[in-house]
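J.: Got a structure for you, questions after.
The values are calculated or read from the model by the stated rules, or taken from the named source; none is laboratory data. Computed from a predicted structure; not experimentally measured. Here the Cβ positions follow ideal geometry from the backbone for every residue, glycine too, while neighbour counts run over all protein chains shown. For the accessible areas, the whole protein counts, side chains as well, though only heavy atoms, and no ligand, DNA or RNA atoms are used. Shrake-Rupley method; radii C 1.70, N 1.55, O 1.52, S 1.80 Å.
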Amino acid sequence: MNLSLVDPFVLAQDCPEVITGRLRSGHSTSIRFSHRGDLLASGRSDGIVVVFDIETNGVARKLRGHTRQIQSLSWSTNDRFLLSAGQDWKCVLWDLKDGSRVRTVRFEAAIFIAELHPQNHMKFAAALFEDQPVLVDMSNDVPVKHLLPTIPRRSPMERENVSEKQAAQDAKQTTTVTLFTPSGDHIIAGTNKGWLNIIDATTHEIKYSFRVGNNILVLIRLTQSGRDMVLNSSDRIVRTIPLPDFSDPKLDFDALQLEVEHKFQDLVQRLSWNHVTFSSTGEFVAASTWMNHHIYIWERGQGSLVKILEGTREELSVVEWHPFRPFVAAVGVDTGRVWLWSILQPQRWSALAPDFIEVEENVEYIEREDEFDIQPLEEIHKRRLDQEDEEVDVLTIEPVKTTTQFATGDFRMPVLLNIEASDSEDEVVAVGAGQFRRRSPGAGREWMNDEDARAANGTPPVNGTKRRR
Amino acid sequence: MADRMELPKRSREEDELEEDSVGPPRKRSASRSPTGDASPAYRLAERPRRYSNEDSPHEPTYYRDRDRSRSKSRSRDLSASRSRSKSTSERRSISPHPTPPPPKPTELHYHPTMILRGHKKAVSAVKFSPDGKWIASCSADCTVKIWDAQTGRLEHTLEGHLAGISTIAWSPDSKVLASGSDDKSIRLWDVATGLAHPTPFIGHHNYVYSIAFSPKGNMLVSGSYDEAVFLWDVRAARVMRSLPAHSDPVGGVDFVRDGTLSVSCSHDGLIRIWDTATGQCLRTLVHEDNASVTSVIFSPNGKYVLAWTLDSCIRLWNYIEGKGKCVKTYQGHNNKTHSLAGAFGTYGSDPPHEYAFVVSGSENGDLVFWDVSSKNILQRIEGGHSDVVLGVDTHPTEKLVVSGGLDKAVRVWRDHTMPPKPATEISTAEATTNGYDPHVLPPNPFGDS
């Protein structure tokens with residue numbers, strides 16, 4: 001509701017500019033914004049998943065269940081469930097209402113990425129290290145894993161003349177990244193040989209394959225509409241590809257031709273990219289750089305570099321763009337902090353008093369005809385009251401134009417009152433209004449002993465919801 | 001130049017002409033009398049006033065405006081309302097328009113239902129919980145009491161503050177109550193157990209005057225006698241942002257319904273609207289008389305703010321339009337020294353014909369209800385309390401009002417305005433009694449003949 005009062009020039013800005021804050025809870029390795037943009041999930045190197053409240057920059061929930069570093073995070077569409085994949089070879093589906101583990105799925109290999117189905121939070125697709133990708137259905141207590149193919153689909157002619165060498169090569173190919181299209185009907189998968197496969201999510205067949213390059217596809221991201229795709233490949237090129245509407249039943253996969261729209265690269269320094277993301281509208285592409293401290297932002301209309309975000313003294317790994325604001329979050333590799341870039345809003349002086357006006361140059365004041373007339377107070381008062389004849393409606397709530405396609409659902413994150421006090425890994429603690437002191441080492445780590453003790457007793461640990469007496 | 005000079009003159013003449021043809025209001029009422037000697041010119045002028053009921057000179061324009069603005073929406077729910085209320089539409093008077101608006105109630109009938117006694121000193125604020133189950137009241141006797149809103153049973157007495165409590169606020173899930181006290185601290189209380197959260201919010205340098213929760217419950221805004229407005233991170237119990245707000249004690253604070261804006265007001269006469277996310281002042285509202293503003297709330301839809309000032313006025317501000325504009329002034333209560341607070345409520349029937357009222361206490365012990373649009377007093381509970389009424393709140397769903405004041409009592413009022421009974425209800429009542437008076441025995445067919 002603040003939009004009508006905010007400076008329109010500030011609202012028109014769509015690219016973040018300066019560091020406006022940083023979040024810290026342990027050593028973060030992976031982050032992801034919720035669909036409504038009020039929460040940021042952060043996976044830590046110690047296996048704890050922390051959910052930050054972006055409005056307060058505080059920790060809203062801590063989820064304990066992994067024992068190794070968190071590899072990837074994925075939110076359900078209603079923002080109630082969160083899927084985390086860890087380097088302990090398991091995926092956990094969390095219910096943020098009470099912080100409980102809904103399902104735990106174990107794998108026989110390390111997980112590259114696990115992405116939730118957009119319509120059904122009990123399904124997810126995962127790419128595994130040197131193993132076949134899987135589509136997991138967790139509806140029942142025992143999760144069902146459907147293996148997905150990796151070998152690219154060739155045209156019928158190619159299929160007949162397949163050589164022995166090629167067959168051997170195909171066998172060595174593995175899928176490195178998977179994700180769902182927004183409808184959830186198809187899975188887009190990238191392989192280590194630069195192939196892009198589009199897999200039907202119900203029949204588990206490859207409908208279409210496309211060779212992007214010769215190198216490993218590290219990451220694929222879609223815009224919210226699913227009509228644009230950005231690819232990070234190990235050949236140091238970030239590609240954007242417009243996609244057809246996969247939910248269209250008339251789409252003919254045999255006639256489909258994908259074309260690379262832009263190739264973003266740094267020809268001078270030959271930078272390689274750690275992580276890529278689309279901006280909220282898909283207008284910009286942001287990428288964090290390997291062995292470098294910058295985030296590059298390209299604009300997709302012309303394909304030009306528009307901004308380099310800097311200010312950190314460390315390399316940045318995962319970079320994420322807020323679902324509807326010019327707001328970028330990135331993880332520092334060395335410190336594990338989450339850095340936040342946004343737009344600084346200057347205070348408008350005209351807002352501080354009703355008779356202040358912001359002017360470009362000096363303006364000569366022309367008084368109103370009756371400005372200094374002396375009139376009886378009573379009459380002024382009466383006239384003023386008589387003018388108040390307009391109709392006011394204080395009840396009707398106007399439907400707000402949703403900034404994302406995700407309407408505000410019923411789920412509201414519960415506010416846990418003692419989360420910070422129970423175990424804060426922050427290096428500073430508040431001791432008063434605006435007063436902070438450095439935390440004594442080891443303080444706030446009691447939960448570690450706690451967990452061991454509970455494990456010894458055989459009782460399952462309560463995930464961050466335990467209330468302190 | 002000559003043209004420009006003439007223009008306003010001409011318009012003035014036209015105005016005069018119109019006034020002549022309509023005639024002074026005194027004559028109008030005469031023409032309505034059944035004597036029937038009105039001239040044809042009068043009848044023409046009368047025509048647009050057909051739906052107005054004759055209580056105030058404000059009403060006619062008000063209704064005509066409403067007709068025009070609402071016409072679109074009404075045509076949309078025409079089909080629904082027709083099928084739903086056949087019986088009621090039959091009873092409506094026939095008129096050239098398809099659906100005349102049902103008469104707007106001109107008065108409310110709030111009657112006392114409960115008196116909750118227990119506070120040893122003046123009650124400074126009363127609040128219904130968002131789920132409507134509880135009433136919380138805070139007092140100068142350093143306690144907060146939680147009462148059952150239906151039965152009036154005292155559920156908890158929350159003790160822990162070291163000085164009188166000026167303000168309370170419910171969290172949106174109704175599980176936590178926050179209280180701000182003259183001991184400079186804000187405390188959170190678990191409503192289920194009645195226990196205080198171990199860490200109080202400490203940071204203000206003087207009395208905490210007013211607090212409000214954000215709609216998500218993750219933030220709290222507080223205004224204090226130390227002239228500062230603080231935004232608190234509720235989870236961590238720490239000051240998130242300090243707003244350099246005012247140059248006099250802050251009287252009231254509130255959050256808008258989506259949490260993006262907060263409002264604060266002060267004894268320096270300013271009302272400031274803040275961007276919650278950036279902490280910047282987006283708008284400042286000042287009335288020309290610069291009277292001290294003691295309390296402020298957002299309207300239920302968040303488009304207006306309602307402010308209590310020490311010149312015995314309550315003003316409704318449109319803060320969005322232009323530089324902010326006072327659109328209504330409600331008068332009729334006394335407010336010169338105390339910091340009164342009130343609330344918005346609704347009356348009438350279902351949403352298309354639901355109207356809003358403003359309710360506030362008064363320093364002579366009255367409770368006053370105003371219609372938001374017409375500024376008419378809908379009800380005045382005279383002598384509702386025996387002393388100043390400081391706090392008033394309305395129930396989120398039911399027609400209930402709670403008030404508290406210097407006479408140490410918390411009083412609950414219920415509206416007994418009879419809703420127009422649908423015909424079906426009467427017929428079923430007749431069927432159950434079978435036409436006989438239930439208290440009289442039916443004639444005995446086996447009696448002696």
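J.: Take the residues of region A:46-56 that are more than 14 Å from every other protein chain (Cβ to nearest Cβ) and free of Cβ contacts under 8 Å to residues at least 40 places away in the same chain: which is surrounded by the fewest Cβ atoms within 10 Å (Cβ to Cβ)? Spell out how you get there, then give the answer.
T.: Just the residues of region A:46-56 that are more than 14 Å from every other protein chain (Cβ to nearest Cβ), to begin with: A:46-49.
Of the ones still in play, those that are also free of Cβ contacts under 8 Å to residues at least 40 places away in the same chain are A:46, A:48.
Values: A:Asp46: 17, A:Ile48: 25.
Within region A:46-56, the match that is surrounded by the fewest Cβ atoms within 10 Å (Cβ to Cβ) is A:Asp46.
J.: Just to confirm my filter: which strands (runs of 3 or more DSSP E) fall fully inside region A:210-323 and include at least 3 residues that are within 23 Å of the chain's Cα centre (by Cα) and of a type in the set (A, V, I, L, M, F, W, C)?
T.: A:217-222, A:228-233, A:273-278, A:284-289, A:295-299, A:304-309, A:316-321
J.: Looking only at region B:201-213, which residues are more than 12 Å from chain A (Cβ to nearest Cβ) and surrounded by 18 or more Cβ atoms within 10 Å (Cβ to Cβ)?
T.: B:Tyr207, B:Val208, B:Tyr209, B:Ser210, B:Ile211, B:Ala212
J.: Since B:Ser247 meets every condition but one in (1) touching a Ser or Thr at 6+ places or on another chain (Cβ under 8 Å); (2) open to solvent by less than 50 Å² (accessible area, probe 1.4 Å), which condition does it not meet?
T.: (2)
J.: If B:Val305 satisfies every condition in (1) within 17 Å of B:Gly361 (Cα to Cα); (2) more than 9 Å from chain A (Cβ to nearest Cβ); (3) free of Cβ contacts under 8 Å to residues at least 60 places away in the same chain; (4) crowded, with 18+ Cβ neighbours inside 10 Å but one, which is the exception?
T.: (1)
J.: Mind checking whether some residue in region B:278-287 is hydroxyl-bearing (Ser, Thr, Tyr), closer than 23 Å to A:Pro346 by Cα and modelled with pLDDT of 90 or more? If you could, list the steps in order and put the result at the bottom.
T.: First, pick out the residues of region B:278-287 that are hydroxyl-bearing (Ser, Thr, Tyr): B:278, B:284.
From what's left, closer than 23 Å to A:Pro346 by Cα: B:278, B:284.
Filter once more, keeping what is modelled with pLDDT of 90 or more: B:284.
Yes, region B:278-287 has at least one match.
J.: Right, next: How many of the residues making up region B:184-199 are touching a residue at least 40 places away in the same chain (Cβ under 8 Å) and crowded, with 18+ Cβ neighbours inside 10 Å?
T.: The number of residues fulfilling the criteria is 6.
J.: Report the residue count in region B:215-239 for those that are at pLDDT 90 or above and either of a type in the set (A, V, I, L, M) or under 15 Å from B:Thr278 (Cβ atoms) (or both).
T.: 8
J.: Same structure, new question: Kindly indicate the residue of region B:214-239 that is open to solvent by 10 Å² or more (accessible area, probe 1.4 Å) and assigned to a strand (DSSP E or B) and also farthest from the other protein chains (Cβ to nearest Cβ) among those meeting that condition.
T.: Applying the filter and picking the extreme gives B:Phe230.
J.: Please specify each residue of region A:1-45 satisfying the condition of being charged (D, E, K, R), open to solvent by 50 Å² or more (accessible area, probe 1.4 Å) and touching a Gly at 6+ places or on another chain (Cβ under 9 Å).
T.: Hits for region A:1-45 are A:Arg22, A:Arg24.
J.: Being touching a helix residue (DSSP H, G or I) at 6+ places or on another chain (Cβ under 8 Å), at pLDDT below 85 and open to solvent by 50 Å² or more (accessible area, probe 1.4 Å): is that true of A:Ile357 here?
T.: yes
J.: Given the residues A:Pro152, A:Pro143, which is the only one that is in the same structural domain as A:Thr223 (by TED's automatic domain parsing) and under 22 Å from A:Val105 (Cβ atoms)?
T.: A:Pro143
J.: Mind checking whether some residue in region A:250-259 is small (Gly, Ala, Ser) and under 27 Å from A:Gly37 (Cα atoms)? First the steps, then the outcome.
T.: Applying the first criterion (small (Gly, Ala, Ser)) to region A:250-259 yields A:255.
Then keep just the ones that are under 27 Å from A:Gly37 (Cα atoms); that gives none.
No, there is no match, as no residue in region A:250-259 is small (Gly, Ala, Ser) and under 27 Å from A:Gly37 (Cα atoms).
J.: Can you tell me how many residues within region A:58-104 are open to solvent by 20 Å² or more (accessible area, probe 1.4 Å), in contact with a strand residue (DSSP E or B) (Cβ under 6 Å, 6 or more places away or on another chain) and within 14 Å of another protein chain (Cβ to nearest Cβ)?
T.: 0
J.: Still on this structure, please answer the following. In region B:381-404, which residues are over 18 Å from the mean Cα position of the chain (by Cα), closer than 16 Å to B:Ala341 by Cα and either among the small types (Gly, Ala, Ser) or open to solvent by 30 Å² or more (accessible area, probe 1.4 Å) (or both)?
T.: B:Asp387
So that you can scan it fast, the table gives a plain yes or no per residue for (1) within 12 Å of chain A (Cβ to nearest Cβ); (2) open to solvent by less than 20 Å² (accessible area, probe 1.4 Å); (3) closer than 20 Å to B:Pro130 by Cβ:
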| residue | (1), (2), (3) |
| --- | --- |
| B:Thr329 | yes, yes, no |
| B:His338 | no, no, no |
| B:Gly342 | no, yes, yes |
| B:Pro351 | yes, no, yes |
| B:Gly361 | no, yes, no |
| B:Phe369 | no, yes, no |
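J.: Assess whether B:Gly435 counts as being open to solvent by less than 70 Å² (accessible area, probe 1.4 Å) and either part of a loop (DSSP other than H, G, I, E, B) or at pLDDT 75 or above (or both).
T.: no
J.: Also, I was wondering about something else. From the list B:Ser299, B:Ser242, which one is among the small types (Gly, Ala, Ser), within 8 Å of chain A (Cβ to nearest Cβ) and open to solvent by less than 10 Å² (accessible area, probe 1.4 Å)?
T.: Testing whether each residue is among the small types (Gly, Ala, Ser), within 8 Å of chain A (Cβ to nearest Cβ) and open to solvent by less than 10 Å² (accessible area, probe 1.4 Å) leaves just B:Ser299.
J.: Does A:Asp334 satisfy the criteria of being within 21 Å of A:Ile188 (Cα to Cα), assigned by TED's automatic domain parsing to the domain that holds A:Pro152 and part of a loop (DSSP other than H, G, I, E, B)?
T.: Spelling it out, it is not the case that A:Asp334 is within 21 Å of A:Ile188 (Cα to Cα), assigned by TED's automatic domain parsing to the domain that holds A:Pro152 and part of a loop (DSSP other than H, G, I, E, B).
J.: So is B:Ala291 touching a Gly at 6+ places or on another chain (Cβ under 9 Å) and in a strand (DSSP E or B) or not? Don't jump to the end; show me each part of the working.
T.: Numbers: touching a Gly at 6+ places or on another chain (Cβ under 9 Å): yes; in a strand (DSSP E or B): no.
The answer is no for B:Ala291.
J.: Right, here's the next one. If B:Phe344 passes every condition in (1) closer than 23 Å to B:Val401 by Cβ; (2) over 12 Å from the mean Cα position of the chain (by Cα) but one, which one does it miss?
T.: (2)
J.: Out of A:Thr335, A:Thr281, report the one residue that is farther than 25 Å from A:Val230 by Cα and touching a residue at least 60 places away in the same chain (Cβ under 8 Å).
T.: Only one candidate passes the filter, namely A:Thr335.
J.: Can you report the number of residues in region B:358-379 which are closer than 18 Å to B:Thr113 by Cβ and either polar (S, T, N, Q) or in contact with a Leu (Cβ under 8 Å, 6 or more places away or on another chain) (or both)?
T.: 4
J.: Pick from A:Val105, A:Val59, A:Val92: which is farther than 20 Å from A:Met122 by Cα, touching a residue at least 24 places away in the same chain (Cβ under 8 Å) and among the β-branched types (Val, Ile, Thr)?
T.: A:Val59
Yes/no matrix, rows are residues, columns are (1) more than 24 Å from A:Leu135 (Cα to Cα); (2) open to solvent by 20 Å² or more (accessible area, probe 1.4 Å); (3) aliphatic (A, V, I, L, M):
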{"site": "A:Lys207", "(1), (2), (3)": "no, yes, no"}
{"site": "A:Arg221", "(1), (2), (3)": "no, yes, no"}
{"site": "A:Ser234", "(1), (2), (3)": "yes, yes, no"}
{"site": "A:Val238", "(1), (2), (3)": "yes, no, yes"}
{"site": "A:Ser247", "(1), (2), (3)": "no, yes, no"}
{"site": "A:Leu251", "(1), (2), (3)": "no, yes, yes"}
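J.: Hey, another quick one. Evaluate the following for A:Ile366: is it part of a loop (DSSP other than H, G, I, E, B) and away from every other protein chain (no Cβ under 14 Å)?
T.: Answer is yes for this residue.
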